[in-house]
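Participant: Below is a structure I'd like to ask you about.
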Amino acid sequence: EGTPEEGFGGPRMSHFPGRGPPAPPSGLDDSGLDMRAIKQAGGKVLPGGDGVIIGGWKVRARNTRILGKDALEELEQRLGTSHLPEMVYGSALELTHESTGVKLHFNAEDALREWLQEDLPPLKVAAAAAWERGHKARFGDEMPKASKTRKSDGGGGGGGGGG
């Protein structure tokens with residue numbers, strides 16, 4: 001996996017100063033699909049370009065921006081918690097096996113719901129280590145206590161949460 005800055009194949013520049021954006025790497029079209037790899041695997045792009053069919057699986061992805069304040073508040077209500085990661089995306093990945101109809105669907109809301117139901121410890125993202133070092137440099141070794149609170153379980157407040 002990678003961030004938009006890194007891409008999935010390693011670091012890449014998003015633009016060259018004064019010369020506009022770079023051409024997509026060989027084999028990639030403007031949307032980022034590797035058409036050579038899709039063709040070599042016997043796949044094809046779905047009508048509308050929002051996914052591919054490959055090896056009997058229909059793969060669709062929906063990329064969104066970070067959820068805004070209103071959408072986050074609605075998500076907090078649906079999940080029954082006021083402690084969510086600072087940034088949550090509405091993106092989703094869906095895989096459908098064509099011959100059996102089996103569907104696998106991945107999104108942040110379902111993942112957060114499972115995390116809350118399993119009563120798992122707070123999550124740490126890659127940037128957490130850098131934040132923790134900076135926090136310790138400014139405030140010493142005592143770290144704020146992370147907590148998960150669900151409105152439905154009557155728990156109290158606290159700092160931190162799922163991300």
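Participant: Could you look through the stretch 55-76, keep only residues that are under 30 Å from residue 34 (Cβ atoms) and not in a strand (DSSP E or B), and pick out the one that is modelled with the lowest pLDDT?
Facilitator: Here the answer is 63.
Participant: Please go through the stretch 90-100 and pick out each residue that is closer than 17 Å to residue 62 by Cβ and open to solvent by less than 60 Å² (accessible area, probe 1.4 Å).
Facilitator: Of everything in the stretch 90-100, those that are closer than 17 Å to residue 62 by Cβ and open to solvent by less than 60 Å² (accessible area, probe 1.4 Å) turn out to be 90, 91, 92, 94, 95, 96.
Participant: Next question. Can you find a residue that is in contact (Cβ under 8 Å) with a residue 40 or more places away in the chain and in contact with a Ser or Thr (Cβ under 7 Å, 6 or more places away or on another chain) anywhere in the stretch 33-56?
Facilitator: yes
Participant: Restricting to the stretch 57-88, and then to whatever is free of Cβ contacts under 8 Å to residues at least 24 places away in the same chain and of a type in the set (Asp, Glu), can you tell me which residue is surrounded by the fewest Cβ atoms within 10 Å (Cβ to Cβ)?
Facilitator: Applying the filter and picking the extreme gives 70.
Participant: Do we find a residue being hydroxyl-bearing (Ser, Thr, Tyr) and in contact with a Phe, Trp or Tyr (Cβ under 8 Å, 6 or more places away or on another chain) anywhere in the stretch 73-94?
Facilitator: Looking for residues that are hydroxyl-bearing (Ser, Thr, Tyr) and in contact with a Phe, Trp or Tyr (Cβ under 8 Å, 6 or more places away or on another chain), one finds none in the stretch 73-94, hence no.
Participant: For the stretch 29-54, give me the residue count where each residue is within 19 Å of residue 105 (Cβ to Cβ) and either in a strand (DSSP E or B) or open to solvent by 70 Å² or more (accessible area, probe 1.4 Å) (or both).
Facilitator: 5
Participant: Out of all the residues in the stretch 77-112, which are over 25 Å from residue 128 (Cα atoms) and in a loop (DSSP other than H, G, I, E, B)?
Facilitator: Correct list: 98, 99, 100, 101, 102.
Participant: Do any residues in the stretch 101-120 that are touching a residue at least 24 places away in the same chain (Cβ under 8 Å) and closer than 22 Å to residue 60 by Cα have Cβ atoms under 8 Å from those of residues that are in a helix (DSSP H, G or I) and open to solvent by 80 Å² or more (accessible area, probe 1.4 Å), where the two are at least six apart or on different chains, and which pairs are they?
Facilitator: As it stands, the answer is 109/78, since those pairs meet every condition given.
Participant: Among what's in the stretch 113-137 and is in a helix (DSSP H, G or I) and among the aliphatic types (A, V, I, L, M), pick the residue that is nearest to residue 74 (Cα to Cα).
Facilitator: Checking each candidate, the answer is 116.
The values are calculated or read from the model by the stated rules, or taken from the named source; none is laboratory data. Computed from a predicted structure; not experimentally measured. No Cβ is skipped: glycine too gets one built from the backbone with ideal geometry, and neighbour counts run over all protein chains shown. Heavy atoms of the whole protein, side chains included, go into the accessibility calculation; ligands, DNA and RNA do not. Shrake-Rupley method; radii C 1.70, N 1.55, O 1.52, S 1.80 Å.
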